[in-house]
Amino acid sequence: MLELIVKRLLLAIPTLLLVSIMVFALQKLLPGDPVLAMAGEERDPAVIAQLRAEYHLDDPIPAQYFAWMGNALTGDLGMSLRTKEPVTALIASKLPVTLELSLLAMIIALVIGISMGIIAAVRKDSWVDHTTNFVALSGISVPHFWLGILLILLFSVHLQWLPASGFVPVSEDVAQNLKTLLLPALVLGTGLAATLMRHTRASMIAVLKADYIRTARAKGLLAKKVVLKHALRNALMPIVTLTTLLFGELLGGAVLTEQVFTLPGFGKMIVDAVFNRDYAVVQGVVLVVAMGFLLLNLLADVLYLIINPKMRG
């Protein structure tokens, strides 16, 4: 297992290098000049020249890239052109919010999606199967922002059980923190649960047709043991990959949900940085997201070995 981890980490180096080159080059192709917006309405040529020199924007593009990459290797992702704050500090302040939201949404998705997928596969072609498929299709089809507004109207406006917006850090109040994240986590989790349910169902149906499952049933094993111990273990292999990919998407794809519930998360920061042409923030965020995806893929490989020891050979 250690050898696998080392190989994956070594392969991650050229991947991150390619990602950094692509995002840096694409940033330079964006229209507009961030320095003009920073300089204010007067746009004094002296101020513009000073800002360009301060952020090394007059240097050749290769020199700008190598300077940024060299600083990134030491943990310095530069300064935000808009807020004048270190990009590392901005990411450190926003990422925990999205991480907590993503983790809670993924727990909801796994509990609902896998359990519904197992039930649908065991009761294939029954009314239970058709009902769960209808629910899954509805979960995939309903837009997150629309579902979020409906949940706010129901649980916040009418029932007044949960807050409609805002965020309370877990360090201040654990109960209030969960209350502020429950609705957005439900919005994200239901959509993911629908995807997980359909994949779990398909994987379970394929495994339940295998010879060793028929053998286990012929031996008189309990149906519950056959499904949960023998079938589910092998059916989880594709689900592990899907789960890691979905979790990675949540890190940068929860923008609309964060907007609806006014969460100061990672996704909103990415969108704001793109619209404001804040090069340093966009480059730093994309690099961190790419690292997150690589680590999640590594986690998936490790989980493969844990779930199926035969792969260790």
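Annotations
- Residues that are on the phi > 0 side of the Ramachandran plot and in contact (Cβ under 8 Å) with a residue 60 or more places away in the chain are absent from the stretch 170-180 altogether.
- Selection count where residues are open to solvent by 40 Å² or more (accessible area, probe 1.4 Å) and more than 15 Å from M106 (Cβ to Cβ), scope the stretch 242-259: 2
- Listed conditions (1) modelled with pLDDT under 80; (2) in a helix (DSSP H, G or I) are all met by A206, apart from (1).
- Matching residues in the stretch 192-237 - criterion: being under 24 Å from L294 (Cα atoms) and open to solvent by 70 Å² or more (accessible area, probe 1.4 Å): H199
- Hits in the stretch 271-288 (condition: part of a loop (DSSP other than H, G, I, E, B) and open to solvent by less than 40 Å² (accessible area, probe 1.4 Å)): D278
- Single unsatisfied condition, V302 versus (1) open to solvent by less than 30 Å² (accessible area, probe 1.4 Å); (2) out of contact with any Asp or Glu (no Cβ under 8 Å at 6 or more places or on another chain); (3) under 30 Å from G166 (Cβ atoms): (3)
- Candidates in the stretch 245-270 are the residues that are of a type outside the set (V, I, T), in a helix (DSSP H, G or I) and over 12 Å from the mean Cα position of the chain (by Cα); of these, the one that is nearest to L103 (Cα to Cα) is E258.
- Residues being more than 24 Å from L294 (Cβ to Cβ) and open to solvent by less than 10 Å² (accessible area, probe 1.4 Å) - total across the stretch 260-270: 2
- Among the residues of the stretch 143-166, some residue qualifies, meaning at least one is outside any loop (DSSP other than H, G, I, E, B), of a type in the set (F, W, Y) and open to solvent by 80 Å² or more (accessible area, probe 1.4 Å).
- Looking across the stretch 111-133, the residues that are surrounded by fewer than 19 Cβ atoms within 10 Å (Cβ to Cβ) and either under 22 Å from the mean Cα position of the chain (by Cα) or not β-branched (V, I, T) (or both) come down to V111, S115, R123, K124, D125, S126, W127, D129, H130, N133.
- Residue pairs whose Cβ atoms lie under 7 Å apart, separated by 6 or more positions or on different chains, with the first residue in the stretch 11-28 and closer than 16 Å to A67 by Cα and in contact (Cβ under 8 Å) with a residue 24 or more places away in the chain and the second open to solvent by less than 80 Å² (accessible area, probe 1.4 Å) and of a type in the set (S, T, Y), are F24/Y65; Q27/Y279.
- Given (1) closer than 16 Å to V281 by Cα; (2) surrounded by 12 or more Cβ atoms within 10 Å (Cβ to Cβ); (3) modelled with pLDDT of 75 or more, index of the condition T15 fails: (1)
The values are calculated or read from the model by the stated rules, or taken from the named source; none is laboratory data. Predicted model only: the values in this text are computed from it and were never measured. All Cβ positions, even for glycine, are placed from backbone atoms using ideal geometry, and neighbour counts span all protein chains on display. These area figures cover heavy atoms from the full protein model, side chains too; ligands, DNA and RNA do not enter into them. Shrake-Rupley method; radii C 1.70, N 1.55, O 1.52, S 1.80 Å.
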